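J.: Starting off with a structure, shown below.
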């Protein structure tokens with residue numbers, strides 16, 4: 001038996017040991033998922049797996065030893081081919097090893113294009129032991145016949161020489177989705193379940209109340225005012241988006257449909273939120289009473305009194321309907337600008353949970369994760385980049401909204417957004433139509449109260465520490 005045969009046997013034994021170890025590990029994983037698992041059973045299975053591990057190690061060591069021996073034999077053969085004693089006479093004809101007397105492993109007269117050699121290179125790369133053996137024998141023949149030239153013409157190649165074998169890996173689980181503004185304000189509003197039917201939500205608002213007055217005299221007339229209401233009609237809106245994808249992209253791509261749906265769902269969330277803030281007539285910016293802040297050189301210290309003015313107006317509008325669950329909603333650039341202010345002044349009246357020497361507190365929450373911090377009077381802050389930042393004459397102003405959370409109503413279908421996957425509509429072009437839609441309604445007018453701070457004092461901020 002030759003050394004090459006021993007190496008082939010060692011490789012087979014190693015493969016068998018690896019297969020056994022894999023089976024033992026799978027059995028251990030399956031055992032750990034059984035409901036009536038016992039510690040003794042796990043211990044026994046671990047011992048069996050470890051024994052298989054040891055066998056793999058032993059077989060690998062044996063193969064490495066044989067491979068090292070083969071390499072040394074090849075080195076000795078090459079050394080012998082180019083070393084001859086100077087003083088000795090030439091050996092007899094039948095004592096000389098002549099490569100030319102034996103057939104080469106790869107013969108040009110039988111394979112002019114070298115297909116056999118190329119096939120063995122690929123097969124050896126894929127683990128074919130016989131192909132590896134033929135290549136090893138070929139290299140021995142080359143060293144014997146052309147040893148000096150091989151040493152003088154050594155070359156090194158990089159991955160560029162194997163463009164068909166060095167395959168780029170696409171990290172599909174780390175794809176970068178498009179950043180969206182999401183729905184920070186909508187998530188902070190008072191939620192309701194949208195009724196199952198109808199395209200409007202009707203709310204009765206008492207616009208004329210009863211009256212109570214002091215009786216002028218005994219048995220005198222008692223104050224009476226006829227009560228009256230006005231219906232508040234809130235439209236049910238439909239937010240929807242679609243994407244047509246080729247059947248090839250979905251059936252032969254990696255997670256294409258999931259990526260599309262994720263983006264559609266997040267786009268849906270952003271649309272609901274931006275509509276609530278900015279839509280004509282009933283959006284928060286259009287129903288809120290404005291508190292003007294006009295200043296060519298705005299500072300956080302000057303802005304804060306405007307916040308209190310807005311909150312004061314809110315409470316005056318709500319009176320005994322005020323819940324005290326107030327919110328300040330602002331753009332992220334405004335929130336960070338307020339944090340950049342430095343100074344020695346602080347409020348004369350302290351508030352619960354706020355250090356007197358600071359202008360509020362930052363909770364260090366990420367965007368869209370709820371309340372970002374509180375102002376000096378304890379008002380929570382919601383940061384929402386659906387707030388327009390191109391308002392005013394210079395198209396560079398944003399706004400700050402002050403609302404009572406309990407009077408910011410949002411009705412949503414509990415199943416929204418709904419996902420439709422339609423294959424028939426685009427069947428003739430092998431397309432698949434993906435649609436996302438949902439119904440919602442909102443109002444801030446059940447108890448009109450909202451205030452907004454607006455004006456040149458809210459232009460694009462400069463971070464100067466004031």
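J.: Taking the range 169-196 only, how many residues are at pLDDT below 95 and touching a strand residue (DSSP E or B) at 6+ places or on another chain (Cβ under 6 Å)?
T.: Residues in the range 169-196 being at pLDDT below 95 and touching a strand residue (DSSP E or B) at 6+ places or on another chain (Cβ under 6 Å): 0 in total.
J.: Of everything in the range 405-421, what is in contact with a helix residue (DSSP H, G or I) (Cβ under 7 Å, 6 or more places away or on another chain) and within 19 Å of residue 386 (Cα to Cα)? Give them in sequence order.
T.: Listed by number, the residues that qualify are 405, 410.
J.: Taking into account only those residues within the range 318-332 that are surrounded by 17 or more Cβ atoms within 10 Å (Cβ to Cβ) and in a helix (DSSP H, G or I), which is farthest from the chain's Cα centre (by Cα)?
T.: 318
J.: With respect to the numbered conditions (1) buried (at least 19 other Cβ atoms within 10 Å of the Cβ); (2) farther than 20 Å from residue 451 by Cα; (3) modelled with pLDDT of 95 or more, which one is the sole condition not fulfilled by residue 395?
T.: Answer for residue 395: the failing condition is (1).
J.: Moving on to the next point. Conditions first: (1) in a loop (DSSP other than H, G, I, E, B); (2) modelled with pLDDT of 80 or more. Residue 138 passes all but one, so which condition is the exception?
T.: Here residue 138 meets the rest and fails (1).
J.: Only one of 263, 258, 273 is modelled with pLDDT of 95 or more and closer than 30 Å to residue 429 by Cβ; which?
T.: Going through 263, 258, 273 in turn, just one is modelled with pLDDT of 95 or more and closer than 30 Å to residue 429 by Cβ: 263.
J.: If you go through the range 160-180, how many residues are closer than 16 Å to residue 121 by Cβ and not in a loop (DSSP other than H, G, I, E, B)?
T.: Looking only at that region, the number is 2.
J.: Here's something else I'd like to know. Name the residues in the range 42-69 that are farther than 22 Å from residue 16 by Cβ and either touching a residue at least 12 places away in the same chain (Cβ under 8 Å) or in contact with a helix residue (DSSP H, G or I) (Cβ under 6 Å, 6 or more places away or on another chain) (or both), would you?
T.: Filtering the range 42-69 for residues farther than 22 Å from residue 16 by Cβ gives 42-44.
Of everything in the range 42-69, just one residue is farther than 22 Å from residue 16 by Cβ and either touching a residue at least 12 places away in the same chain (Cβ under 8 Å) or in contact with a helix residue (DSSP H, G or I) (Cβ under 6 Å, 6 or more places away or on another chain) (or both), namely 42.
J.: If you don't mind, there's one more thing I want to ask. For the range 165-196: of the residues being loosely packed, with under 11 Cβ neighbours inside 10 Å and under 30 Å from residue 415 (Cβ atoms), which is farthest from the chain's Cα centre (by Cα)?
T.: My answer is 196.
J.: For the range 335-348: of the residues being assigned to a loop (DSSP other than H, G, I, E, B) and touching a helix residue (DSSP H, G or I) at 6+ places or on another chain (Cβ under 7 Å), which is modelled with the lowest pLDDT?
T.: Within the range 335-348, the match that is modelled with the lowest pLDDT is 345.
J.: Sticking with this structure for a sec: Pick from 38, 83, 19: which is at pLDDT 85 or above and either more than 20 Å from residue 140 (Cβ to Cβ) or exposed (fewer than 10 other Cβ atoms within 10 Å of the Cβ) (or both)?
T.: On the way: 38 fails: at pLDDT 85 or above; 83 fails: at pLDDT 85 or above.
After ruling out the rest, the residue left standing is 19.
J.: Have a look at 436, 371 and point out the one that is closer than 28 Å to residue 239 by Cα, at pLDDT 90 or above and either over 26 Å from the mean Cα position of the chain (by Cα) or surrounded by fewer than 21 Cβ atoms within 10 Å (Cβ to Cβ) (or both).
T.: Selected residue: 371, the only one of 436, 371 that is closer than 28 Å to residue 239 by Cα, at pLDDT 90 or above and either over 26 Å from the mean Cα position of the chain (by Cα) or surrounded by fewer than 21 Cβ atoms within 10 Å (Cβ to Cβ) (or both).
Results for (1) assigned to a helix (DSSP H, G or I); (2) more than 27 Å from residue 128 (Cβ to Cβ); (3) touching a strand residue (DSSP E or B) at 6+ places or on another chain (Cβ under 7 Å), shown as yes or no for each residue.
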residue: 23; (1), (2), (3): yes, no, no
residue: 34; (1), (2), (3): no, yes, no
residue: 41; (1), (2), (3): yes, yes, no
residue: 47; (1), (2), (3): yes, yes, no
residue: 65; (1), (2), (3): yes, no, no
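J.: Which of the helices (runs of 4 or more DSSP H) contained wholly in the range 197-309 include at least 2 residues that are surrounded by 15 or more Cβ atoms within 10 Å (Cβ to Cβ) and in contact with a strand residue (DSSP E or B) (Cβ under 8 Å, 6 or more places away or on another chain)?
T.: Helices (runs of 4 or more DSSP H) meeting the threshold: 256-278, 284-287.
The values are calculated or read from the model by the stated rules, or taken from the named source; none is laboratory data. What you are looking at is a predicted structure, and each value in this text was computed from that prediction instead of being measured. Counting neighbours? That spans all protein chains shown, and the Cβs are built from the backbone with ideal geometry, glycine included.
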